[in-house]
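Quick notes on the structure that follows.
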Amino acid sequence: MGNEFSFVPKILLCGDEAEFLAQVGERPFKIVGQAQISGDGFDFVQDNKIFFNDELQDLPALVKFLQSGAADYFLFLNQRDLAAFRNNAYKRGYLSSQVVTLEQFKASPDFFYDANADLRLLPFLKKTSVKTLLDVDGYFARGRVFTKLANDFTEIDAVSDKPMPPIMENIYTHVYKNLAEVGFKRYDAALIMERKPVDFDSAFILLENIADTVITFARSGSELEQYILANLKRFAEVRALNGGAVKWYILKRLAPPEDFCIYAVTYKNIKLATPPEGYKIIQGGRAVNGDFGYLGDDTGDNISRLNLYLNEITALYWLWKNTRHTTLGLCHYRRFFTTSSDTTYAYDKILSREDALKILERYDIIISEVYFGGLTQREWIINDCGETLTTLGEAIIRKHLLQAQPDYVDAFDYVLNSSTLYKCNLFITRKYILDAYCRWLFSFIIDATEEVLRTINLADLPFTPRRLVAFFVERMLTVWLRKNRLRIKELPIMFIEGL
């Protein structure tokens with residue numbers, strides 16, 4: 001996600017400042033105090049006293065100073081003093097990775113890191129329902145812990161644009177180069193490192209479709225901690241794991257108000273029954289078929305004029321461009337999803353709003369049951385449109401797909417040579433998934449349709465072959481699904497006879 005951290009560590013220095021400045025190199029820092037553990041009539045080993053910030057103080061005062069966030073590191077130039085401090089501090093129950101040598105500081109990550117913080121986080125993951133975690137910044141690999149720490153209870157993936165040593169890759173199930181590679185995979189939680197509040201906001205929004213829970217750490221008294229505590233109402237739930245100079249914040253996002261709508265597309269001037277709650281009838285191709293009294297696909301940004309050749313896809317384009325539902329779907333005036341094993345049409349068997357939303361708690365998209373036919377998809381189109389027309393249409397569509405979406409050409413060829421298909425362009429999904437599919441589909445299919453129309457006079461052909469492009473488009477959802485990680489729920493379709 002880029003380096004938004006800009007971490008300038010605060011140093012409590014034990015040693016000569018001039019010597020420190022001469023050796024520190026280009027690593028950014030800010031000295032916030034100086035300390036010594038012996039001299040002038042006192043000795044830390046014997047007296048448990050330390051001289052810092054111009055006062056003689058004891059170990060608990062120093063620990064409080066460090067854990068308050070006033071200093072990120074207690075840095076020693078003298079190894080003898082460091083050994084004396086560590087040995088005696090350890091006996092008194094205090095040991096922290098905040099205590100470092102100059103070389104450790106120079107080699108430390110470009111963010112605040114406390115190994116003890118990891119040891120507080122991992123038990124939390126084990127005790128909760130966080131079974132999948134996306135380490136957005138490669139936090140674990142950038143720290144000092146090189147193994148999974150017996151973390152076989154949570155599947156952790158990472159995002160890192162830089163290669164990782166194999167020992168660090170071992171922490172993860174999969175490493176993505178960027179968030180785009182994650183695609184539509186969802187996680188129980190996403191882990192991000194401490195950021196400035198404005199960058200935290202950006203990351204929190206960016207991860208909306210990846211995880212409902214975001215875990216981050218914030219140093220005590222940092223800008224981010226202050227921001228979180230001042231904006232508690234922004235989150236559905238806030239939990240903090242306390243300890244040391246770092247708090248882990250587990251932030252559950254507020255769910256947006258649910259706006260659900262499934263559009264039933266019709267192109268016939270017939271009287272349709274009022275659909276169930278959450279359904280609307282939309283007339284496809286109202287720009288060319290006349291007004292039947294229903295909501296039409298010819299307002300706003302639309303391609304209604306192409307309905308004779310694209311069928312319900314003109315309605316799909318309209319609802320993509322002109323609606324803002326959080327969850328939406330497409331069905332037909334005579335084809336509806338059902339959860340019943342008996343697909344004989346009955347009004348009360350139509351998939352309800354409540355059942356659809358319940359399914360989408362576990363799945364990303366609802367589509368028709370996969371169809372297994374005796375012919376390949378190309379052969380089915382040839383049966384409807386003839387071999388010459390099919391070959392010409394395929395060549396034009398493939399050319400535009402290659403220009404706009406070259407990564408999908410292999411999937412396109414695979415589907416056309418396959419006997420399986422998700423039929424009828426029926427689906428129910430979240431808006432961001434619909435947006436992604438439509439951006440992909442309409443990046444090439446409108447231009448391809450226009451070229452087909454310039455090449456072939458489809459308008460003079462009978463009803464079935466006139467829909468040449470529509471038959472190819474019906475296969476496109478299957479093409480797209482082959483290339484994207486979606487949790488798919490297949491449902492039967494009820495068919496209303498006689499319409």
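Some notes on this structure:
- Arg334 fulfils the conditions (1) modelled with pLDDT of 95 or more; (2) closer than 21 Å to Asn269 by Cα except for a single criterion, (1).
- Each residue in region 363-379 was checked for being under 27 Å from Thr338 (Cα atoms) and either in a helix (DSSP H, G or I) or in contact (Cβ under 8 Å) with a residue 60 or more places away in the chain (or both), and 9 of them qualify.
- Leu12 at pLDDT 90 or above and in contact with a Gly (Cβ under 8 Å, 6 or more places away or on another chain): yes
- Residues (among the aliphatic types (A, V, I, L, M), surrounded by 18 or more Cβ atoms within 10 Å (Cβ to Cβ) and under 14 Å from Gln34 (Cβ atoms)) located in region 67-93: Ala71, Leu75
- Filter result for the condition that a residue is touching a Ser or Thr at 6+ places or on another chain (Cβ under 8 Å) and free of Cβ contacts under 8 Å to residues at least 12 places away in the same chain, over Ile396, Ile382: Ile382
- Some residue of region 232-244 being under 19 Å from Pro109 (Cα atoms) and modelled with pLDDT under 95: yes
- Only one of Gly296, Gly284 that is surrounded by 14 or more Cβ atoms within 10 Å (Cβ to Cβ), among the small types (Gly, Ala, Ser), under 17 Å from Asn425 (Cα atoms) and touching a Gly at 6+ places or on another chain (Cβ under 9 Å): Gly284
- When Ala236, Ala203, Ala218 are screened for being surrounded by fewer than 18 Cβ atoms within 10 Å (Cβ to Cβ) and of a type outside the set (Asp, Glu), only Ala236 passes.
- Only one of the listed residues (Ile228, Ile282, Ile303) is among the β-branched types (Val, Ile, Thr) and within 29 Å of Asp348 (Cα to Cα). That residue is Ile282.
- Strands (runs of 3 or more DSSP E) wholly inside region 1-116 that include at least 1 residues being in contact (Cβ under 8 Å) with a residue 60 or more places away in the chain: 10-14, 73-76
- Hey, Arg195 buried (at least 16 other Cβ atoms within 10 Å of the Cβ), farther than 27 Å from Leu357 by Cα and more than 17 Å from the chain's Cα centre (by Cα) or not: yes
- Restricting region 299-325 to residues that are of a type in the set (S, T, N, Q) and more than 19 Å from Phe444 (Cβ to Cβ), the residue that is surrounded by the most Cβ atoms within 10 Å (Cβ to Cβ) is Ser304.
- If the condition is being small (Gly, Ala, Ser) and in a loop (DSSP other than H, G, I, E, B), then region 177-199 contributes only Gly183.
- Selection status of Val8, within 19 Å of Tyr113 (Cβ to Cβ) and either surrounded by fewer than 18 Cβ atoms within 10 Å (Cβ to Cβ) or in contact with a His (Cβ under 6 Å, 6 or more places away or on another chain) (or both): yes
- Lone qualifier among Asn322, Asn302, Asn307, Asn311 - being out of contact with any Phe, Trp or Tyr (no Cβ under 9 Å at 6 or more places or on another chain) and over 25 Å from Tyr363 (Cβ atoms): Asn322
- The test for being over 21 Å from Asp16 (Cβ atoms), surrounded by 16 or more Cβ atoms within 10 Å (Cβ to Cβ), not hydroxyl-bearing (Ser, Thr, Tyr) and not assigned by TED's automatic domain parsing to the domain that holds Tyr187 does not hold for Leu122.
- Only listed residue being over 26 Å from Leu491 (Cα atoms), at pLDDT below 95 and touching a Leu at 6+ places or on another chain (Cβ under 9 Å), chosen from Ala459, Ala448: Ala459
- Test: residue in region 42-50 that is out of contact with any Lys or Arg (no Cβ under 9 Å at 6 or more places or on another chain) and of a type in the set (Val, Ile, Thr): yes
- In region 444-459, the residues that are farther than 15 Å from Ala395 by Cβ form Cβ pairs under 8 Å with partners that are assigned to a loop (DSSP other than H, G, I, E, B), at six or more places apart or across chains, as follows: Ile446/Ile303.
- Screening Ser443 against (1) polar (S, T, N, Q); (2) over 24 Å from the mean Cα position of the chain (by Cα); (3) at negative phi leaves a single unmet condition, (2).
The values are calculated or read from the model by the stated rules, or taken from the named source; none is laboratory data. Given the structure is predicted, the values throughout are model-derived calculations rather than measurements. FYI the Cβ positions are ideal-geometry reconstructions off the backbone, even for glycines, and counts take in every protein chain you see.
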